[in-house]
Amino acid sequence: MTRILIASMALLLMTAVIGCSGKDYEGELRHSLAGNITVDGEDVFEKGTISFLPDATNGKARPAGGEVIDGKFEFSEGMGANGGSYRVQISWHKGTGKFAKDPDSGEEYEVRVEGLPAKYNTKSELQVTIPSEDNRYDFDLKTK
């Protein structure tokens, strides 16, 4: 009877520890990420993407990224990045004012082009260290 009681208490303790870990993912601690992106000081950035890519010194750190909508991005801890140094790539899917038809659905869509210089995306020079004091990363990008 004592063995059953000890085994039951051990199982209960393990369940409590696992349930209180606060993480809803496996692996190393991740950090939430949020911020705003402006272009030449203006909030014109309507659609795009942002990627946080670990640099060579960051070992097995996890990349993070996703959509930027209306100049804002936000990733929860579970979708965030591990601590360390990251290169940031930002793409702006800038509307051209021209429209085309989707050949499959026949629906019209606005033609979009890359609105930022390569120094912010394919040849990004942007660097951040995660975590920061408030895990907030604001970027004012210059096109001129």
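See the values below:
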| item | result |
| --- | --- |
| Residue-normalised accessible area of the stretch 65-124, given per residue in Å² at a 1.4 Å probe | 60 Å² |
| Partners for Lys142 among lysines (Cα-Cα distance below 28 Å; same-chain residues under 8 apart left out) | Lys47, Lys72, Lys94, Lys98, Lys119, Lys123 |
| Cut-off 12 Å between beta-carbons: net charge of the residues surrounding Phe52, Lys and Arg +1, Asp and Glu -1 | +2 |
| Sites Lys142 and Ile69 - FRET efficiency at Förster radius 30 Å, r taken between beta-carbons, to 0.05 | 0.90 |
| Space enclosed by the convex hull of the alpha-carbon atoms of the stretch 21-128, per residue, Å³ | 145 Å³ |
| Accessible-area composition of the stretch 34-144, carbon plus sulfur, in percent [1.4 Å probe] | 48 percent |
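The values are calculated or read from the model by the stated rules, or taken from the named source; none is laboratory data. None of these values were measured; they are calculated from a predicted model. Quick reminder, even Gly has a Cβ in these numbers, built from the backbone with ideal geometry, and neighbours come from all protein chains shown. Areas reflect the complete protein model, heavy atoms only, side chains present, ligands, DNA and RNA absent. Shrake-Rupley method; radii C 1.70, N 1.55, O 1.52, S 1.80 Å.
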